[in-house]
Amino acid sequence: MVLKERYILFIYIVLWFLYELQGFLWTEGNLLSQAIILTLNGVSIYYVWKVNVRVPNKPAYIFALNALLVMFFFYGVVYVLDGEHFYLGVSVLKPFNYLKGIMNSLLPIYAFYYFAWKGVLSKKYMQVLTFFFFCVAFLSYWSYELDARTILQERGVERDGIVNNMGYEFLCLFPILSFFDKRPWIQYLGIICVMTFVLMGMKRGAILIGVFCMVWFLLEMFRSAKRYKKLLIVVVSVGVVALTAYWTWHLLQTSDFFNQRLQATIEGNMSGRNVLFITFLNYFLYDTTAFQFLFGSGANATLEVSVNYAHNDWLELAINQGVLGFVLYVIYWVCFFRAWRSMKENRLVHFAFGMLLLIYFMRTFFTFSYGDMNIYSTSVLGYCLGVRSRMQNVNAADV
């Protein structure tokens, strides 16, 4: 049985790698990509069932995630049956894309949780995955970069830099680096690599979160080091910070676009997000009916209000799912936090899960969080939860 689960896990991960590399290996959204994602979602749904039926002593986080999924699925199905296409620039947003995004983001948590609970997904397995994750992230980053520059050239726009959303993808590689506690040099190289691409991506939110993650990571390495290694940790950490500062200075000296982004941030220019926030908040408070206030205006209703997403999870849920969605999201984050607190016995799992908590909670305020989780995050999230449940079941059996 374990051997069978190992094969399933291997195939599951390979398919995710292939799906993440669409656009680089083949045309995005073609028949092959559709077949892969249908297979992945089918397997994920199967493990949603197995987790809820077969796994005892599940953390409250799983039940909170169940509630969110049921809500999103209901609103998504209604949207598919009665929704319309939206056009954002050259992008066409089909009703099914809403449901697809939620499924791709949240369903893998159950699969990885189950594999970790069964003992198939181990710390060593996570270490091996790390190198493949970095390779996929590299290829995805440069694929996005080339596509964006091609579009700018076709529009006749000359710019020495672009805003690369893949900076958030690299940011999500921080937590998995925690599993190399016996090889700190890998952690240092990983931190430098992540921060380099986060800075190059020029997403201000990703840069802000990245700085918090880097500082926390270095402090954790110092705290957990033995006495005779603490000085070495301090010296190397200063070097890592110095390299990051040098790279920032280099961008300031060579990139006009980076300077423009920094100056806009200093001046409080949020790329129109402040206007969006006010628009959506006013709509929720003053322009909704009692039913819309309580249950929302439906999936992707923000696009009808302002032809744009809220770029804030709390406002997005308030408009789409009303007070119901807002309350369920609060419960979800409370359960996320409580799950993190319950992992203190395993330092590495506690730290990796806490890093995910920090990254995705901060993301809720200026970009998508619940609908934009990737395999780098869901694998670590599922692993940490699975290890916790596995330890609890062992302790219960010993009593």
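The values are calculated or read from the model by the stated rules, or taken from the named source; none is laboratory data. Keep in mind the model is a prediction, meaning the values are calculated, not measured. Heads up, the Cβs are rebuilt from the backbone with ideal geometry, glycines too, and the neighbour counts pull from every protein chain shown.
So, Gly29, is that one part of a helix (DSSP H, G or I), free of Cβ contacts under 8 Å to residues at least 24 places away in the same chain and small (Gly, Ala, Ser) or not?
Here the answer is no, as Gly29 does not meet what is asked.
Could you say whether any residue in region 90-105 is modelled with pLDDT under 95, of a type in the set (Lys, Arg) and either under 11 Å from Ala299 (Cα atoms) or assigned to a helix (DSSP H, G or I) (or both)? Yes, region 90-105 has at least one match.
Quickly run through region 5-48 and pick out the residues that are of a type in the set (D, E, K, R) and farther than 19 Å from Pro108 by Cβ.
The one that is of a type in the set (D, E, K, R) and farther than 19 Å from Pro108 by Cβ: Glu28.
The criterion of being touching a residue at least 60 places away in the same chain (Cβ under 8 Å), closer than 19 Å to Tyr329 by Cα and either aliphatic (A, V, I, L, M) or surrounded by 15 or more Cβ atoms within 10 Å (Cβ to Cβ) (or both) does not hold for Asn41. Does Leu294 satisfy the criteria of being free of Cβ contacts under 8 Å to residues at least 40 places away in the same chain, crowded, with 19+ Cβ neighbours inside 10 Å and more than 30 Å from Pro56 (Cβ to Cβ)? Here the answer is no, as Leu294 does not meet what is asked. Among the residues examined, Ala35 does not qualify as among the small types (Gly, Ala, Ser) and either assigned to a loop (DSSP other than H, G, I, E, B) or closer than 28 Å to Ile176 by Cα (or both). Residue pairs whose Cβ atoms lie under 7 Å apart, separated by 6 or more positions or on different chains, with the first residue in region 331-357 and farther than 20 Å from Ile209 by Cβ and the second charged (D, E, K, R), are Ser342/Arg388; Met343/Arg388; Leu348/Asp181; Val349/Arg388. Looking only at residues in region 147-167 that are modelled with pLDDT of 80 or more and of a type in the set (S, T, N, Q), which one is surrounded by the fewest Cβ atoms within 10 Å (Cβ to Cβ)? Here the answer is Asn165. Scoring Val399 on the criteria (1) at pLDDT below 95; (2) over 20 Å from the mean Cα position of the chain (by Cα); (3) buried (at least 16 other Cβ atoms within 10 Å of the Cβ) leaves a single failure, condition (3). Are any of the residues in region 377-390 of a type outside the set (S, T, N, Q), free of Cβ contacts under 8 Å to residues at least 24 places away in the same chain and assigned to a helix (DSSP H, G or I)? Within region 377-390 (the criterion being of a type outside the set (S, T, N, Q), free of Cβ contacts under 8 Å to residues at least 24 places away in the same chain and assigned to a helix (DSSP H, G or I)), the answer is no, since none of the residues qualifies.
With respect to Val78, determine if the residue is out of contact with any helix residue (DSSP H, G or I) (no Cβ under 9 Å at 6 or more places or on another chain), at negative phi and touching a residue at least 60 places away in the same chain (Cβ under 8 Å). When the stated conditions are applied, Val78 passes them.
Can you name the residue in region 1-26 that is of a type in the set (A, V, I, L, M) and not in a helix (DSSP H, G or I) and is also farthest from Lys124 (Cα to Cα) among such residues?
Result: Leu25.
Evaluation of Leu276 against the conditions (1) over 21 Å from the mean Cα position of the chain (by Cα); (2) of a type in the set (A, V, I, L, M, F, W, C); (3) more than 30 Å from Gly83 (Cα to Cα) shows that the sole unmet condition is (3).
Scanning region 168-206 for residues that are buried (at least 20 other Cβ atoms within 10 Å of the Cβ) and of a type in the set (Val, Ile, Thr) yields Ile176, Ile191, Val194, Val198.
Return yes or no: is Tyr114 at pLDDT 95 or above and within 17 Å of the chain's Cα centre (by Cα)?
no
Test Val48 against the stated conditions and say whether it is without any contact (Cβ under 8 Å) to a residue 60 or more places away in the chain and β-branched (Val, Ile, Thr). Taking the combined requirement at face value, the residue does not satisfy it. Listed by position, the helices (runs of 4 or more DSSP H) enclosed by region 289-351 that each have at least 3 residues that are closer than 26 Å to Thr378 by Cα are 313-341. The test for being assigned to a helix (DSSP H, G or I) and of a type in the set (Lys, Arg) holds for Lys50.
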